[in-house]
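These notes concern the structure reproduced below.
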Amino acid sequence: MQDRQSIHGSWASRWTFILAATGSSVGLGNIWKFPYIAGENGGGAFVLMYLVCIALVGIPIMMAEVLLGRRGRQSPVNTLKDMAIEIGTTKRWAWIGLCGVAAGIMILSFYSVVSGWVIAYVVYAAEGTFTGAGVEQIGKVFNDLLADPQELVLWHTLFMIVVAGTVARGVNKGLEAGIRVLMPMLFALLLLLLVYAITAGDFAAGWDFMFHVDFGALSWEAVLIAMGHAFFTLSLGMGSIMVYGSYMPKKASIGGTVLTVAGLDTLVALIAGLAIFPLVFGNQLDPGAGPGLMLVTLPVAFGNMAGGQIFGFLFFAMVAIAAWSSAISLLEPVVAYVVERYKIGRTSACVILSGFVWVLGVGALGSFNFGSDWSFFGFNFFDLLDFMTANIMLPLGGLLVCIFTGWWVGKKITADELNMKSELVFNSWFFVVRFIAPVAVAIVFIANLWQKFAG
Ligand code: PFF
């Protein structure tokens, strides 16, 4: 089984995998979601929990996903199925992959809606809508956008067409060249924005908010959110990284590669926070503003700085690109599965699946207008999709991947696939995957349920 080739293609080199996996993990999660959930959940203590989750749970699970993918060389469902057959256990482990397929479709539907907001903002920035505007004016721009289902559907549709078009063209074509240029540009722009925040905002207050740890401000729910976000931001628990691993060259070292990807992802999230919060405090805005943080607060800064029009345009264009390179990784495992399972072409699979995602997305964007009074367990539909996936399905998927890898696949196969130079490092990883990560995920889940139940 180890010498298989994927029918879907393979990355040219280890670096291509790093770029693609970084493209997958760096996205709206880093620039839009991380700053606002850190803002809502008290700052420093939350950021610390997030870092602990990345190190203790995220990185080891990412290694597990990549190694399973590379060994199985198929969509996550079939990779897990064949691994289960290889080790002589029940094929039901493939259900983790099926749950991932559902999660991918659900995440992509609301992800595409948010990406649509970002595309709208690219246009607004180019038109000079933010120039000289205050918080109230820009708040109105955002609220007007949310209240207009037609405009939201337009941007959502455009984004889905671009994403489906890219995935339909295959793993190699277009993607690699694009990512190679765009990822460094994203980094450069974020750094530029950071410099602006240091000079124009209240950097000390922003820094203090992000790194001053006050555990009193931390609830179990915040820990669950931090953990869920670690999965979301690293694209774990639903098969994105597993399917990317299945296109990875055999010789590449998994450990170093995964550390690079996770390191870059974390760096982007921290820089995004350090670029946004100084501006928030400098303008006496609310760090707990929620999802509008990037879409109301930042444009205020752009609208009031020299060169802000072009800079704001470039910033939102970069965010859209980051969203695009993540969205394709949400669709890829689902498409790979449908192609394998139903023996249909990639293009047909993309059309059918993205149509499905599109419909769900229209439901999600309705939460802000025509469906604002639909309520599911106290959530609107958009928030339900977000909560169910990030806080339940991804951690659960990750937990099961851990258990499968640590307890079923076992030492021999994982050691062979990881091929680490240091036995100590390998044993530590194996211990974490067997004990620490699953226990940590389980504790956070149970504590959270307990708190909800008791409180
Ligand atoms: N990691 C992406 C982000 O941070 O925006 C989102 C994402 C992609 C989540 C792929 C899950 C996934 F499987």
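The values are calculated or read from the model by the stated rules, or taken from the named source; none is laboratory data. Quick caveat: nothing in here was measured; it's all calculated off a predicted structure. Heads up, the Cβs are rebuilt from the backbone with ideal geometry, glycines too, and the neighbour counts pull from every protein chain shown.
Pairs linking a residue in region 121-147 that is closer than 13 Å to V296 by Cα to a residue that is among the acidic types (D, E) and at pLDDT below 95, with Cβ atoms under 7 Å and 6 or more positions apart or on different chains, do not occur. Here the condition is being away from the ligand (no atom under 16 Å from the Cβ) and of a type outside the set (A, V, I, L, M, F, W, C); of P249, P291, it holds for P249 alone. Here is the figure for region 385-410: residues that are at pLDDT below 95 and either surrounded by fewer than 20 Cβ atoms within 10 Å (Cβ to Cβ) or not in a helix (DSSP H, G or I) (or both) total 5.
Quick grid of which residues meet (1) over 17 Å from A336 (Cα atoms); (2) modelled with pLDDT of 95 or more; (3) assigned to a helix (DSSP H, G or I):
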site	(1), (2), (3)
L51	yes, yes, yes
L56	yes, no, yes
L67	yes, yes, yes
T79	no, yes, yes
L98	no, yes, yes
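If you scan region 305-337, which residues turn out to be assigned to a helix (DSSP H, G or I) and without any contact (Cβ under 8 Å) to a residue 60 or more places away in the chain? Passing the criteria: only I310. Note on region 92-119: residues that are among the aliphatic types (A, V, I, L, M) and closer than 15 Å to I403 by Cβ total 2.
Counting the residues of region 307-320 that are modelled with pLDDT under 90 and surrounded by 22 or more Cβ atoms within 10 Å (Cβ to Cβ) gives 3. I'm trying to understand the selection: among the residues of region 1-28, which are in a helix (DSSP H, G or I) and more than 16 Å from the ligand (Cβ to nearest atom)? Once the filter is applied, which keeps residues that are in a helix (DSSP H, G or I) and more than 16 Å from the ligand (Cβ to nearest atom), region 1-28 yields R14, W15, T16. Can we say A125 is buried (at least 23 other Cβ atoms within 10 Å of the Cβ), farther than 20 Å from S329 by Cβ and touching a helix residue (DSSP H, G or I) at 6+ places or on another chain (Cβ under 9 Å)? Yes, satisfied. Considering the conditions (1) away from the ligand (no atom under 15 Å from the Cβ); (2) crowded, with 24+ Cβ neighbours inside 10 Å; (3) closer than 25 Å to A204 by Cα, Y50 is excluded by exactly one of them, (1). Every condition in (1) of a type outside the set (A, V, I, L, M); (2) surrounded by fewer than 22 Cβ atoms within 10 Å (Cβ to Cβ); (3) assigned to a helix (DSSP H, G or I) is met by T89 except one, and the failing one is (3). Pairs are defined by a Cβ separation below 8 Å, a sequence spacing of at least 6 or placement on different chains, a first member in region 418-434 that is within 21 Å of A252 (Cβ to Cβ), and a second member that is loosely packed, with under 13 Cβ neighbours inside 10 Å; the pairs so defined are F430/K411. In region 231-243 there is no residue matching the filter, namely being more than 15 Å from the ligand (Cβ to nearest atom) and crowded, with 23+ Cβ neighbours inside 10 Å. Does at least one position in region 29-40 carry a residue that is part of a helix (DSSP H, G or I), within 15 Å of the ligand (Cβ to nearest atom), among the basic types (K, R) and buried (at least 22 other Cβ atoms within 10 Å of the Cβ)? Yes, that holds for at least one residue. In region 146-258, counting only helices (runs of 4 or more DSSP H) that sit wholly within it, the ones holding 1 or more residues that are at pLDDT below 85 span 175-200, 220-233. A Cβ distance below 7 Å, combined with a sequence gap of six or more or placement on separate chains, defines the contacts here; from region 177-204, residues that are within 18 Å of A323 (Cβ to Cβ) reach residues that are crowded, with 17+ Cβ neighbours inside 10 Å and of a type in the set (S, T, Y) in the pairs I179/S325; M183/T22.
Once region 1-17 is narrowed to residues that are surrounded by fewer than 21 Cβ atoms within 10 Å (Cβ to Cβ) and among the hydrophobic types (A, V, I, L, M, F, W, C), the residue that is farthest from A327 (Cα to Cα) is M1.
Restricting D214, D202, D208 to residues that are crowded, with 17+ Cβ neighbours inside 10 Å and more than 22 Å from S25 (Cβ to Cβ) narrows the list to D202.
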